[in-house]
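The values are calculated or read from the model by the stated rules, or taken from the named source; none is laboratory data. Values in this document were obtained by computation on a predicted structure and should not be read as measured data. No Cβ is skipped: glycine too gets one built from the backbone with ideal geometry, and neighbour counts run over all protein chains shown. Note: accessible area is taken over every heavy atom of the protein model, side chains too, but ligands, DNA and RNA are not part of it. Shrake-Rupley method; radii C 1.70, N 1.55, O 1.52, S 1.80 Å.
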Amino acid sequence: MPVTVPPRLVLASASPRRLDLLKQIRIVPSAVDPADVDEAPLRDELPRQHAARLGAEKARVVAARHPGCVVLAADTVVGVGRRILPKAEDEATARTCLALLSGRRHHVYGGVTLIGPDGREWHKLVDTAVTFKRLDSREMDAYIRSGEWHGKAGGYAIQGLAGAFVKQVNGSYPNVVGLPLLETANLLAAAGIRPDL
């Protein structure tokens, strides 16, 4: 009986967190090729729409460079109401994000797109609700000094020091880290890629 060779998997992300999460479920991409797309929100775009659109755009850009491969892309967006929080690239932005998140619930949207070797697309949008405790100025200052917020959506990393700020998580925890594993594993299985157990 012939052995079926699974298609090559390309991860369209430079995020070390997404690579680590995939390794957690014994999925190792054949290649990592980050997509370079404009991540600015469109006018009146809601956080969940933004996450879904960027995940799909990243996948399509990279799939065009890797014909015959399976391409996995994801985007993580933190939303407070209708507002999209940015990736924090400076202390002022990180502090603004923390102030908005302090003492309230927000949503982390994971937009995942998988494109098969034949060009077929699978999409999944995962919504995780996260509630922060009220932060005092000392806690905010210490977190800013840590630098952990740099480049993170919403200005925090739940898997790091900010885990101490979280009162409640409703939904997928890995989604908040950067990739919803259950949903991603299901998409990969649909494309013929399963963990190396």
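The share of accessible area on the chain that comes from carbon and sulfur is 52 percent, using a 1.4 angstrom probe. Shown here are the Rg and Dmax of the Cα trace of the range 1-88, at 15.2, 55 Å. Per-residue ellipticity at 222 nm from helix content only, as computed over the chain with -39500 (n - 2.57) for each DSSP H run of at least four residues, stands at -9500 deg cm²/dmol. Among Lys133, Lys87, the order of accessible area from largest down is Lys87, Lys133, computed with a 1.4 Å probe on protein heavy atoms. Where both bridge residues fall in the range 1-159, DSSP classifies roughly 85% of the beta bridges as antiparallel. If the chain linking Val169 and Ala190 were pulled fully straight, counting 0.36 nm for each residue of separation and taking away their Cα-Cα distance, it would gain 4.8 nm.
Result for the chain in a Gaussian network model with C-alpha springs under 10 Å: among Pro174, Pro34, Pro16, the largest mean-square fluctuation is at Pro16. Using only Cα coordinates, the Kirkwood hydrodynamic radius of the range 77-132 works out to 13.0 Å. The mean sequence distance of close C-alpha pairs (under 8 Å, at least 6 residues apart), as a share of the length of the chain, puts its relative contact order at 23 percent.
Over the chain, the ratio between the Cα radius of gyration and 2.2 N^0.38 Å evaluates to 1.06. Accessible area ranking (1.4 Å probe, heavy atoms, ligands and nucleic acids excluded), largest first, for Ile25, Ile115: Ile25, Ile115. Remark: the range 93-194 carries 44 Å² of accessible area per residue (probe radius 1.4 Å; ligands, DNA and RNA excluded).
Heavy-atom accessible surface of the range 1-81, averaged per residue, reaches 53 Å², computed with a 1.4 Å probe.
Count Lys and Arg as plus one, Asp and Glu as minus one, and take only other residues whose Cβ is under 13 Å from that of Lys58; the net charge is then -3.
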